[in-house]
Amino acid sequence: MKMHGLGNDFVVIDTRGTDLAVTSADAVAIGDRHRGVGFDQLAVISEGQDLDLLFYNSDGSTSAACGNATRCIARYEMDRTGRDALTITTERGTLYAVDAGQGLTSVNMGQPQLEWQDVPLSHAMDTLELPIDGAPTATGMGNPHCTFFVDDAEAIDLAARGAEIEHHPLYPQRTNVQFANLVGPDHLRMRVWERGVGITLASGSSSCATAVAAARRGLTGRKVRIDLDGGTIHVDWREDGVWMTGPTAHVFDGVWHG
């Protein structure tokens, strides 16, 4: 299946009931937007509590978390089974998804990782303001994030700055990069550079990380609206984790002759 959440697009392969094994090389081939299908992430479904997900970036590297893909697949599975809640197993841990009504899907992405060793960073430091020009905030959401708060996210050279910060030596596993500005009370504008992918129209885990960082810095409360290049998502940092709610879209189905 080809799916997207706010333009953050995925190929989803459902291997349940098959002996199909998807490799990093497969991910690179399918992810080629000229010779394959193209995606920001590839998600592989296998048997789990309700289902198990494994994520690949378009460069063949893996990611423990992918919020928008999780929402898309949750919507697919709820529509397929008639259920309104699911338990999903990922490398990030066990995630919970619910039908939020009006075509929206909510996923609990778990508690954010706020200590330097959990993000992870290369050595001990305060994650609230990193010793990088612009004093960004580091957050782990099962994958590492680096969030800059700026006057105008639109004015940032995202291609140059994103590529630079992704490979910053403070991040031994590389990092996703966000630039955000405050639009109004509990309302942010954010742009995203994804690790192993590049500029994307949206990112679920990046949205969660930005919401957490904004709340920690006192810029917003814990419940925020975030406007991305691909649309709007809502994030609510609750006692039981960071909930993300937004629309999903199914684009087409195909058959892969691997």
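The values are calculated or read from the model by the stated rules, or taken from the named source; none is laboratory data. Owing to the predicted nature of the structure, the values given are computational and were not obtained by experimental measurement. Using ideal geometry, Cβ is built from the backbone for each residue, glycine included, and neighbour counts are taken over all protein chains shown. Areas reflect the complete protein model, heavy atoms only, side chains present, ligands, DNA and RNA absent. Shrake-Rupley method; radii C 1.70, N 1.55, O 1.52, S 1.80 Å.
Would you check which residues across the stretch 121-140 are open to solvent by less than 30 Å² (accessible area, probe 1.4 Å) and in contact with a strand residue (DSSP E or B) (Cβ under 7 Å, 6 or more places away or on another chain) and list them?
LEU121, THR127, LEU130, PRO136, THR137, ALA138, THR139, GLY140
Considering only residues of the stretch 52-101 that are of a type in the set (D, E, K, R) and assigned to a loop (DSSP other than H, G, I, E, B), which is surrounded by the fewest Cβ atoms within 10 Å (Cβ to Cβ)?
So, considering only residues that are of a type in the set (D, E, K, R) and assigned to a loop (DSSP other than H, G, I, E, B), the one surrounded by the fewest Cβ atoms within 10 Å (Cβ to Cβ) is ASP84.
Need the failing condition index for ALA214 against (1) outside any loop (DSSP other than H, G, I, E, B); (2) farther than 21 Å from LEU128 by Cβ; (3) in contact with a Leu (Cβ under 8 Å, 6 or more places away or on another chain), just the number.
(2)
Where the second residue is small (Gly, Ala, Ser) and surrounded by 18 or more Cβ atoms within 10 Å (Cβ to Cβ) and the first is free of Cβ contacts under 8 Å to residues at least 60 places away in the same chain and lies in the stretch 208-230, which pairs have Cβ atoms under 6 Å and are six or more apart or on separate chains?
Hits for this filter: THR220/ALA214; ARG222/ALA215; VAL224/ALA211; ILE226/SER207.
Please state which of the following conditions GLY162 fails to meet, knowing it meets all the rest: (1) in contact with a strand residue (DSSP E or B) (Cβ under 7 Å, 6 or more places away or on another chain); (2) surrounded by fewer than 18 Cβ atoms within 10 Å (Cβ to Cβ); (3) farther than 25 Å from LEU104 by Cβ.
Condition not satisfied by GLY162: (2).
For GLY254, indicate whether it is in a loop (DSSP other than H, G, I, E, B), touching a residue at least 40 places away in the same chain (Cβ under 8 Å) and out of contact with any helix residue (DSSP H, G or I) (no Cβ under 8 Å at 6 or more places or on another chain).
When the stated conditions are applied, GLY254 passes them.
Among the strands (runs of 3 or more DSSP E) confined wholly to the stretch 133-186, which include 3 or more residues that are among the β-branched types (Val, Ile, Thr) and at pLDDT 95 or above?
Qualifying strands (runs of 3 or more DSSP E): none found.
Scan the stretch 217-251 residue by residue and report those that are of a type in the set (S, T, N, Q), touching an Asp or Glu at 6+ places or on another chain (Cβ under 9 Å) and either closer than 19 Å to ILE73 by Cβ or not in a loop (DSSP other than H, G, I, E, B) (or both).
THR245
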